[in-house]
Amino acid sequence: MFDLNNIRKDFPILERTVNGQPLVYFDNAATSQTPNQVIDVIADYYRNYNSNIHRGVHTLSQEATDAYEGARKTVQNHFNAAHPHEIIMTSGTTHSINIIASGYTQILREGDELIISAMEHHSNIVPWQMLCERTGAVLKVIPMSQTGVLEMDVYKTLLSEKTKLVFVNHVSNALGTVNPIDEIIKEAHAIGAKVLIDGAQAAPHIKADVQALDVDFYVTSAHKLCGPTGVGMLYGKESLLNMLPPYQGGGEMIAEVRFEKTTYADLPHKFEAGTPNIAGGIAFGAALDYMNGIGFDTIAAYEQELLDYATEQLKAIDGVRIYGEAPQKTAVVSFNVNEIHPYDIGSILDKLGIAVRTGHHCAQPIMDFYKIPGTVRASFSFYNTKEEIDMMIKALKRAIQMLE
Ligand code: C6P
């Protein structure tokens, strides 16, 4: 049963006020809020068994190691990876993508082609541009339509025997579009290219099954799905992760260190140099447990109601233009009102207690495509309510009156 009142009680931050108004938190795509169940797990680690992992024979270290490796198994089960060692714990999506981009430096040759989409976050653009600079590979872009849908026909024409890698986000952070990653992966595999899917925005809404998708790499951040910041994961097929070199050198990622030669640890440790974010990793597992306790189907159905309601209310306001009207969307609405700068709307909404994100959302190519400086982005989570959307609409009308 989806008991919204009880769910909201799990999130202490929802009790607070901002500028004397009750907080309405609609910046969930930037980072989601954290329930007591996750906060308690972090506090419990520091209160009761704070210790380094994989290193000590002592009890605390073993308890911490068990909890951390338990979280890795939770992540494995959630994404249905075949093995726990296919889950690399990272500091987040950006770190995960950089591990792969760095790893392909010695593999790519001049003239090889990489494909990204027109609606990527900078994290899924810049590391590949840097890789192209290092290797002489060429980046191609799948264009999108005015409604924010990828042009799959063009994608098919971009694929060739030169294509080595394809990178697409599962869900666009600025538009909410859910991309047809099944088809993207199948088409890429048909010509022998590997695929990395950026799941940062999908993971809070959609449970991805990496084996069913047959995806080569899938990455996400815990802080988008009720977990803490500074932790995330890289899923990679065992054979590919074994083929790639380590990203960083240091403790934990070695088998043997001699001045003459060092050998590397097996997966997953080869990619996990140094002391990780231990409490964060454990809390990542707790966050997935929490969300699975509610159920991803339940979450998606309720968020769709919020999205439909907000879209309808916004469209009823004169001068509102919504960016991103794909048939399949997560609960994100990006919009502008006439020529008003999004920052001005965001500032007034904040004065009225409403948190939205304004600007280019680290997706400047999307803003260039629409020839706008940015948008106002309201992004919803399962703990938001229709009453909160009413409050945003009322506040927005007030902002428009003040600014026009
Ligand atoms: N998008 C947003 O407000 P990190 O910062 O590494 O946890 O995630 C980066 C990232 C990668 N891909 C996508 C699709 C994303 O949305 C994000 C993070 C936030 O939209 C913060 S910029």
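The values are calculated or read from the model by the stated rules, or taken from the named source; none is laboratory data. Note that the structure is a prediction, hence the values are computed from the model and not measured. Counting neighbours? That spans all protein chains shown, and the Cβs are built from the backbone with ideal geometry, glycine included. Just so you know, the surface numbers come from the protein's heavy atoms only, side chains and all, with ligands and any DNA or RNA stripped out. Shrake-Rupley method; radii C 1.70, N 1.55, O 1.52, S 1.80 Å.
Across the range 44-66, what is the number of residues that are at pLDDT 95 or above and open to solvent by 30 Å² or more (accessible area, probe 1.4 Å)?
12
All of Gln364, Gln313 fail the test of being away from the ligand (no atom under 16 Å from the Cβ) and farther than 19 Å from Ile13 by Cβ, apart from Gln313.
Taking the conditions (1) within 16 Å of the ligand (Cβ to nearest atom); (2) under 30 Å from Met391 (Cα atoms) in turn, Pro327 satisfies each one other than (1).
All of (1) in a loop (DSSP other than H, G, I, E, B); (2) away from the ligand (no atom under 16 Å from the Cβ); (3) under 29 Å from Lys351 (Cα atoms) hold for Ile13 with one exception: (1).
When Ala208 is tested against the conditions (1) open to solvent by 10 Å² or more (accessible area, probe 1.4 Å); (2) in a loop (DSSP other than H, G, I, E, B), the lone failure is (1). Applying the condition of being within 13 Å of the ligand (Cβ to nearest atom) and more than 10 Å from the chain's Cα centre (by Cα) to the range 219-232 and asking which residue is surrounded by the most Cβ atoms within 10 Å (Cβ to Cβ) yields Gly227. No other residue among Ile88, Ile142 is out of contact with any Lys or Arg (no Cβ under 6 Å at 6 or more places or on another chain), more than 21 Å from His223 (Cα to Cα) and within 16 Å of the ligand (Cβ to nearest atom) apart from Ile142. When we screen Leu240, Leu244 for residues that are over 19 Å from Thr94 (Cβ atoms) and either more than 16 Å from the ligand (Cβ to nearest atom) or open to solvent by 10 Å² or more (accessible area, probe 1.4 Å) (or both), the only hit is Leu240.
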